[in-house]
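Asker: Below is one structure. I have some questions about it.
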Amino acid sequence: LVKHLTKLGFYIAPTEIVLEKNFQYVCGLEKEIFLTAQYVPMAPLLKAFLALPGIWEVILANMSASEDLKRTGGIMKSFLDGKLWKDTKEKFRHKDGVLLPLMHYYDDFETVNPLGSRTKLHKIGGNYTVILGLPPRFNALLENLLLSLLFNASDRSQFGNKACCVTLIGQYKSLAVDGIIVRGHRVFPMLLLC
């Protein structure tokens, strides 16, 4: 099933990232332990999401509609109506393509504990990407939160944000510089909110 979904572009396999290599003694023998994170490559993830039927058209229509505040009576309805987005578009007006604003979202959650997160033994740090070009009513829907990175929350406490997110940060930078091709359009996804 995974191979079939991958061929169709609907399944993006995660990649394991080694955060730290430690040694642990088990039954008197030294054993090598790898502390890892699971990362979903951003370029194929965004390409697959934007290629879903109707998504690209909805984003383009929403982004062009937000450019006219006069039509909404001067009321800001989304990130696209704000100063940061206007300044970003002006700064990168030389780019030949569509700028696509992204937001990074982080949240801890705990598995295997239905009664509450008191033990923190199985706490996982979830990192998600939200496409701010979607209309606001779609941004909070679970199916539009793109999972990008998972790691043990205690690893983040021990090694810090930079060590856990260095691969993800590199991907965000690469997307902003190189862009991706979506339905014949060059798209530059840019991380603007965390």
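Asker: With every protein chain left in place and a probe of 1.4 Å, what is the accessible surface of Glu143, to the nearest 10 Å²?
Answerer: Ignoring ligands and nucleic acids, Glu143 comes out at about 130 Å².
Asker: Next question. Past the 28 Å Cα-Cα mark, which pairs from Lys77/Lys162; Lys91/Lys123; Lys86/Lys123; Lys83/Lys173; Lys83/Lys123; Lys77/Lys123?
Answerer: Long pairs (Cα-Cα over 28 Å): Lys77/Lys162; Lys91/Lys123; Lys86/Lys123; Lys83/Lys123; Lys77/Lys123.
Asker: Then there's this: Might you work out the accessible area of Lys21 for me, using a 1.4 Å probe with all protein chains in place, and round it to the nearest 10 Å²?
Answerer: Answer for Lys21: close to 110 Å² accessible.
Asker: Build a GNM of the chain with springs between Cα atoms under 10 Å: which of Leu60, Leu147, Leu46 gets the top mean-square fluctuation?
Answerer: Leu60
Asker: Leaving out ligands, DNA and RNA but keeping every protein chain, what accessible area does His185 have, in Å² rounded to the nearest 10, with a 1.4 Å probe?
Answerer: Answer for His185: close to 80 Å² accessible.
Asker: Rank Phe34, Phe49 by accessible area, highest first, at a 1.4 Å probe radius?
Answerer: Values: Phe34 105, Phe49 15 Å².
Ranking Phe34, Phe49 by accessible area, largest first, yields Phe34, Phe49.
Asker: Tell me the label-point distance for the pair Val26, Ala43, using the 7 Å Cα-to-Cβ offset, in nm and rounded to one decimal.
Answerer: 3.6
The values are calculated or read from the model by the stated rules, or taken from the named source; none is laboratory data. Being a predicted model, the structure only gives us computed values, none of them experimental. So basically every Cβ, Gly included, is an ideal-geometry build from the backbone, and we count neighbours across all protein chains shown. Side chains included, ligands, DNA and RNA excluded: accessible areas come from the protein's heavy atoms. Shrake-Rupley method; radii C 1.70, N 1.55, O 1.52, S 1.80 Å.
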